[in-house]
Amino acid sequence: MKSEYRALMQIAAKPDITFTEGQGSYLYDSDGNAWLDFVQGWAVNTLGHSPEPIAKAICNQSRRLLNPSPAFYNDQAVQLANRLTALSGMDQVFFANSGAEANEGAIKLARKWGQTHRNGAWKIITFHNGFHGRTLATMSATGKPAFEPLFNPKVPGFTKVPYGDLEAVAAAIDEQTVAILLEPIQGEAGVIPATTEFLQGLRALADREDLLLMLDEVQTGIGRTGTLFCYQQHAIEPDVVTLGKGLGGGVPIAALMAKNHACCFEYGDQGGTFNGNPLVCAAALAVLDQVCAGGFLARVGAAEQRIRDGLNALGQRFGLSEVRGNGLLLAVDTGSFDAPSLVKRALEAGLLLNAPRSNSLRLMPALNVSDEEIDLMLQQLGRLLEQAERESV
C-alpha cells in the first residue's frame, strides 16, 4: 500500500490506483491510464462519469443556494418531491443522503406505523441474501451471511425467510409483524430477480394481513432495470419505496417515498442536516430530466439486449450461465471460472467489472453506454476468458 493511502481508514482491499478524472464510460488515473467502467460506482452513475447535465445543474445551483437548513423549504427539494410522486404513484417523500439512510427511515416509518395502527407491531420480514445497507439497523435487516457475526448484538425484529418463497413469508407473520421489506432484484446476491408471481403474491398477502409492503429500489430505481421503477414491470404498487444510488447520478441523495396511508411521522421523528439540500436535489432533477426524456429508456432496453446477446454467445463458448437481471443490471454465472480472478484480470486489462459472488459477474454500466463500448467490453471479456481457459488446461 502506498504511503499516501495510510491516512484513509482501511475498510476494503483496494488496488494502488488513484482515479482523478472520469468521462462517460471511462475512468482515468493520475498517470493518464484509462479504464472502461462497467461498474459505475455500483450502479450510481446513471449518466456515466461527469455528465454535462449534472455538472451544469450543480454549477448553477452552487451560485444560488447550497443549504438553507432542513428547517426551511427550498425550491429544488419541492420540485424534486413533486416530480418523484408524480412519476412513482407515491404521495410523500423524505430525502436522505444514502440508500442505507433511506432504508433506515423506512424501518422507522414501519415501526411508527405499527405503533399507530397495529397495536405496537414492530417486526419486519426480510430475506436471505438481501442487502439493505450498512447502518446497524439495515445490517440487521440484511440477509448477507458475512454480516451475521458483525457488530452484535444486532437490532432485533427482523425475520428472515427464503427469497421467492411466498409460503415461508406467510408462515413467518405473527401479531407483531408490521411490514415486508425486499429488493425486487437482489443485487449483492448476484442479481436475483423476484418473479411477478412472487411480488403480486406479497402485495395480496400484505393487503390481507394489513402489513406494509416496502420495496428497496436503491439499486434498481431510476431506469436501471429498463423502467423508471422496477415494480412498474410487475403491475403492483408498494406502500413504501426507497431510492438511492442512481437518483443523484453520482451525487449523494436518496429518498424514502410512501403512500399517504403509510405516512405517520410526526415533527421530530425524522431529520438530517444535509437532507434534501438544494445542491443535490438540483442534480437529481437533472438526472430525471435525462432519464425521462423521450427514447432514453428504450435505449436502455436496446443496450440490455446487446449485452445479453453478447454474454449468451460467450456463455455458449465458455460454459457460462444464461444472463439474468433486467435493463442494465445484469449478471452471469462464470461456471468453472473464478469470478474475482476474472475481475482482477479485467482490471489489469483496463476493464472494470464486479464479482458479487465467487462465481458471478455483475454488469452495471452507465444507462447511456454506447454500442461501441458494449462491444469493446464483450471483446475484452472474451479474451480474458480465453486466457483463463488456456491457463486452466
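A compact table of results
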{"item": "For the range 175-209 versus the range 297-312, the gap between their alpha-carbon centres in whole angstrom", "result": "26 Å"}
{"item": "Relative contact order (percent, whole number), the range 65-291, Cα cutoff 8 Å, 6+ residue spacing", "result": "30 percent"}
{"item": "18 Å cut-off, amide nitrogen to a point 7 angstrom out along A313 Cα→Cβ, residues in the range 343-385", "result": "370-385"}
{"item": "Simple spin-label estimate for L8 and D91 in nanometres, 7 Å along Cα-Cβ", "result": "4.5 nm"}
{"item": "Per-peptide average of other Cβ atoms within 10 Å, ordering 52-58, 355-361 highest first", "result": "355-361, 52-58"}
{"item": "Using alpha-carbon coordinates, inclination of helix 75-88 to the longest axis of the chain, degrees", "result": "90 degrees"}
{"item": "Cβ-based exposure ranking for D37, D29, in which fewest neighbours within 10 Å come first", "result": "D29, D37"}
{"item": "Helix-only CD estimate at 222 nm, as mean residue ellipticity for the chain, using -39500 (n - 2.57) per DSSP H run (n ≥ 4)", "result": "-11500 deg cm²/dmol"}
{"item": "Protection proxy ranking, peptides 176-185, 335-344, 249-258, 226-235, average beta carbon neighbours within 10 Å, highest first", "result": "249-258, 176-185, 226-235, 335-344"}
{"item": "Taking F38, F72 and counting other C-beta atoms within 10 Å, the order from fewest to most", "result": "F72, F38"}
{"item": "Computed over the chain: relative contact order in percent, which uses C-alpha pairs under 8 Å that are six or more apart", "result": "22 percent"}
{"item": "Estimated FRET transfer efficiency (E389, D16; beta-carbon r; R0 22 Å; 0.05)", "result": "0.20"}
{"item": "Ordering of 314-326, 145-157 by packing [mean C-beta count within 10 Å, highest first]", "result": "314-326, 145-157"}
{"item": "Residues listed by number, the range 253-289, amide nitrogen under 16 Å from S62 label point at 7 Å toward C-beta", "result": "278-284"}
{"item": "Pairwise FRET efficiency - C292 versus N260, Cβ, R0 = 25 Å, nearest 0.05", "result": "0.60"}
{"item": "FRET efficiency for S69 and D371, using Cβ-Cβ distance with R0 set to 45 Å, rounded to 0.05", "result": "0.45"}
{"item": "Near-label residues of the range 16-42 by backbone N, under 14 Å of a point 7 Å along Cα→Cβ of R299", "result": "24-25"}
{"item": "Taking K245, K14, K259 and counting other C-beta atoms within 10 Å, the order from fewest to most", "result": "K14, K259, K245"}
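Throughout, read-outs are computed from the coordinates displayed, never taken from laboratory work. All figures in this text were calculated on a predicted structure; none of them were measured in a lab. We place every Cβ from the backbone using ideal geometry, glycine too, and count neighbours over all the protein chains shown.
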